[in-house]
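Asks: Before I ask anything, here is the structure I am working with.
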There are 2 protein chains.
Amino acid sequence: MAYEFYYWPSIQGRGEFVRLALEDAGAEYADVARTPGSMGRMAALLDGPHRPPFAPPFLKDGNVVIGQTSAILLYLGGRLGLAPDDEPGRLWVHQIQLTIADVVAEAHDTHHPVSAELYYEDQKPEAARRARHFRETRIPAFLDWFERILAGNGSGTLAGPDVTYADLSLFQLVEGLRYAFPKATARATARTPRVTALHDAVAERPRLRAYLASDRRLPFSEEGIFRCYAELDG
Amino acid sequence: MAYEFYYWPSIQGRGEFVRLALEDAGAEYADVARTPGSMGRMAALLDGPHRPPFAPPFLKDGNVVIGQTSAILLYLGGRLGLAPDDEPGRLWVHQIQLTIADVVAEAHDTHHPVSAELYYEDQKPEAARRARHFRETRIPAFLDWFERILAGNGSGTLAGPDVTYADLSLFQLVEGLRYAFPKATARATARTPRVTALHDAVAERPRLRAYLASDRRLPFSEEGIFRCYAELDG
């Protein structure tokens, strides 16, 4: 039975980390909310009595509903062949994913440092201050951490010899940072050649290359998590 | 062999969610960085070449080092008898923990909305705005979600018939919110009697009651994640 995936239909957002894993594995899945008239099914599960996720994205596999991007990938990793077999290896990949989720949350808050319920235009002074710290301190700190992991692992991937969902997620993180903070990200990745090489290798994986060129891949936009506001790139 | 737990020695912070699980289970563990002269061991693992966590807290169990609070609890849950046996149950408890981690991050950012590297005093106007939205919108939204889960589960716990680490974590979240936002939390919990009842029941668990009365339980303070600044409570 195909996986049912639920996320906002017009943005990459947090859901894109799940889409990339499903696409890379060639998994059968329905991106439910992108089917016209299907937003009600997403709302029904969020409002439901049985283990309702707090927010999209979530995955439905038969009777199992799983929210939180990192938990979805934890569930899918072994099933899609995108995680190690051993428990320490799976936890390590999960730990990397959780840290990527932290970067994503911080990237979001550069344009919404006060509240997600206000427009960016209503919190621009706060955004300018937060974005400066994010691009000067946090982007380098996180990318340096990934670079150190890649140097230690030695195989061009973050964990073990094979590609995992964490590698796909790091690709997406670099994509997003480049879109939102092109100048700051270029400065940071100039010091992290292994991160850049991993990004480029992931983009060339056959199924992902086809996906990225398809209309299933939504464009980045100023509705999503990674937003390009030139004034926030310094 | 005893677990080795690593976290900043003077605050509850994110580490407290792990401490509560270890204490409730009566597990043998060393709170390493609280031993005089042991901060260097924490730094060595963070700077190490093999699977370094991005930040504390982390747990060392033999040769396995696990960072990220939620991943630590995922690892410990079954071992400590604080998680369901079945995979969907474990994922559900983990999903709740990840959502609690989201609240914790948002609570932190009420006093540090610009940067964790600046003092609160250097970001007070931004903090005032962010805190208002957090206490008026986010605290009620999250607590209502927990209340809905408790109503659906029906046994006074968040998942299944038995207490899990997510229940202990919800106790700690309520403690922290009450410390940091006493007025706003009182308003929100007036609508969530099941959350309050769970909080009170967890506090009465024998091992936790002893822990909470001991000097192993660090006090809340304005160095931690939950900080009591009257002006942020409206």
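For (1) of a type in the set (A, V, I, L, M, F, W, C); (2) farther than 30 Å from A:Asn63 by Cα; (3) touching a residue at least 60 places away in the same chain (Cβ under 8 Å), each residue gets a yes or a no:
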{"site": "B:Glu4", "(1), (2), (3)": "no, yes, no"}
{"site": "B:Tyr7", "(1), (2), (3)": "no, yes, no"}
{"site": "B:Thr35", "(1), (2), (3)": "no, yes, no"}
{"site": "B:Asp61", "(1), (2), (3)": "no, yes, yes"}
{"site": "B:Gly89", "(1), (2), (3)": "no, no, yes"}
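Asks: Same structure again: What tally of residues in region A:15-29 results from selecting those that are hydrophobic (A, V, I, L, M, F, W, C) and part of a loop (DSSP other than H, G, I, E, B)? Talk me through it step by step, then tell me what you get.
Replies: Just the residues of region A:15-29 that are hydrophobic (A, V, I, L, M, F, W, C), to begin with: A:17-18, A:20-22, A:25, A:27.
Next, only the ones that are part of a loop (DSSP other than H, G, I, E, B) stay: A:25, A:27.
Summing the residues that are hydrophobic (A, V, I, L, M, F, W, C) and part of a loop (DSSP other than H, G, I, E, B) in region A:15-29 gives 2.
Table: residues versus (1) closer than 30 Å to B:Ala151 by Cα; (2) at pLDDT 95 or above; (3) more than 10 Å from every other protein chain (Cβ to nearest Cβ).
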| position | (1), (2), (3) |
| --- | --- |
| A:His50 | yes, no, no |
| A:Pro53 | yes, yes, no |
| A:Pro57 | yes, yes, yes |
| A:Gly78 | no, yes, yes |
| A:Asp85 | no, yes, yes |
| A:Trp92 | no, yes, no |
| A:Ile96 | no, yes, no |
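Asks: How many residues are closer than 18 Å to B:Ala2 by Cβ and either more than 8 Å from chain A (Cβ to nearest Cβ) or among the polar types (S, T, N, Q) (or both) when one looks only at region B:59-76? So that I can check it myself, show each step before the final result.
Replies: Keep residues of region B:59-76 that are closer than 18 Å to B:Ala2 by Cβ, which gives B:59-66, B:72-73, B:75-76.
With the extra rule that they be either more than 8 Å from chain A (Cβ to nearest Cβ) or among the polar types (S, T, N, Q) (or both), the set shrinks to B:59-63, B:65, B:72-73, B:76.
Count: 9.
Asks: While we're on this one: I'd like the residue in region B:106-134 that is polar (S, T, N, Q) and without any contact (Cβ under 8 Å) to a residue 24 or more places away in the chain and, out of all such residues, is farthest from the other protein chains (Cβ to nearest Cβ).
Replies: Here the answer is B:Gln123.
Asks: Now for a different question. Checking the structure you have, find out if any residue of region A:153-167 is part of a helix (DSSP H, G or I), hydrophobic (A, V, I, L, M, F, W, C) and buried (at least 24 other Cβ atoms within 10 Å of the Cβ).
Replies: Keep residues of region A:153-167 that are part of a helix (DSSP H, G or I), which gives A:153, A:165-167.
Next, only the ones that are hydrophobic (A, V, I, L, M, F, W, C) stay: A:166.
With the extra rule that they be buried (at least 24 other Cβ atoms within 10 Å of the Cβ), the set shrinks to A:166.
Checked region A:153-167: at least one residue is part of a helix (DSSP H, G or I), hydrophobic (A, V, I, L, M, F, W, C) and buried (at least 24 other Cβ atoms within 10 Å of the Cβ).
Asks: Right, something else. Mind checking which pairs have a first residue in region A:210-234 that is free of Cβ contacts under 8 Å to residues at least 40 places away in the same chain and a second that is of a type in the set (A, V, I, L, M, F, W, C) and in a helix (DSSP H, G or I), Cβ under 7 Å, 6 or more apart or different chains?
Replies: That search, which allows pairs on different chains as well, returns A:Leu212/A:Ala203.
Asks: With the requirement that a residue be surrounded by 22 or more Cβ atoms within 10 Å (Cβ to Cβ), farther than 20 Å from B:Glu175 by Cβ and among the acidic types (Asp, Glu), what does region B:12-66 give you?
Replies: Correct list: empty.
Asks: Please specify each residue of region A:135-159 satisfying the condition of being over 17 Å from A:Trp92 (Cα atoms) and at the interface with chain B (Cβ under 8 Å from one of its Cβ atoms).
Replies: Of everything in region A:135-159, just one residue is over 17 Å from A:Trp92 (Cα atoms) and at the interface with chain B (Cβ under 8 Å from one of its Cβ atoms), namely A:Thr137.
The values are calculated or read from the model by the stated rules, or taken from the named source; none is laboratory data. Predicted model, so just to flag it, every value in this text is computed and none were measured. Every residue, glycine as well, gets a Cβ built from its backbone with ideal geometry; the counts of neighbours run over all protein chains shown.
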